[in-house]
Amino acid sequence: MSPTELADVLEHARSRTEALLEPLDDEELTRQVSPLQSPLVWDLAHIGYFEELCLLRKAGGREPLSAVYDELYDSFAHGRSERAELPILEPAAARAYVREVREAVVELLPELARDDDFLVGMVAQHELQHGETMAQTLALAGLLPERPPEVTATGDVLVPGFVLVGAALIPYVDRADITATRPSQRKTAVILFTLFCILGLVLTFVGIFFRGPGYTFIIPYVTAPGMYFSL
Ligand SMILES: [Fe+2]
């Protein structure tokens, strides 16, 4: 993808975040609505932190913008119920932080390697997922508007069609006694069904671990380090 297209992917996620939070005042943004949810302003700054960590620091090799954000905004550092007590950024500062990160990222995009497209997509998906979390918080607080901001999505889902069609055709291929109840009386059907199951599992496994950006074939942890969690 071109830098402009990558910037559009990031902006798509940001527009949803802004649409959700824009109507709220500072008290609503900083309130701990439920021990199950973070204060909304934490989610906002955490979105910027994750973007800074993945794109500016990891991909771009930049120094951290703050020495304390690793402690405040790493989601593994503190449970959601504790986050309102932390010295987190106020709403205006959180907005300024995410804006600063985004501006630096957009400047950096032309310098990123092609393999980093995956990271940019992951950052956008992370922000959209937090959009869902924030919508849950808003719903718990009774603040969700009657019509939440629309979500538009693109992409595709691959279904191993010939596995499903092949399995559905087994009764027409195996014309043995259809009333038979013992596997030994329907050997052809059992063998074909087992083969289709194995084929489906192999395809699923390859699709998960050997499929890189743009459906390219990759060797996990070798040709695409960073695509998966560290072993
Ligand atoms: Fe997160």
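With N set to the residue count of segment 58-157, report its C-alpha Rg divided by 2.2 N^0.38 Å to two decimal places.
It is 1.28.
Please compute the contact order of segment 1-128 in relative form: average sequence separation of alpha-carbon pairs under 8 Å and at least six residues apart, divided by the residue count, as a percent.
43 percent
Got the relative contact order for the chain handy, in percent, Cα pairs under 8 Å and 6 or more residues apart?
Once divided by the residue count of the chain, the mean separation gives 24 percent.
Starting at 0 and stepping by 10 Å, how many percent of the alpha carbon pairs of segment 6-82 end up in each bin?
All Cα pairs considered, the percentages come to 17, 42, 35, 6.
Hey, what's the Kirkwood Rh for segment 161-215 if you take every pair of different alpha carbons, in angstrom?
Taking the inverse mean of 1/r over all distinct Cα pairs, segment 161-215 comes out at 12.7 Å.
Provide, for q = 0.12, 0.17 Å⁻¹, the log10 of I(q)/I(0) from a solvent-free Debye sum over equal Cα point scatterers in the chain.
-0.78, -1.22
Per residue, what volume in Å³ does the convex hull of the Cα atoms of segment 13-55 enclose?
77 Å³
Using 1/(1 + (r/R0)^6) with R0 = 35 angstrom and r between the beta carbons of Leu143 and Glu111, what's the FRET efficiency to the nearest 0.05?
0.30
Since every read-out is calculated from the coordinates, none of them should be taken as a lab result. Predicted, not measured: the structure shown is a model, and the values here were computed from it. All Cβ positions, even for glycine, are placed from backbone atoms using ideal geometry, and neighbour counts span all protein chains on display.
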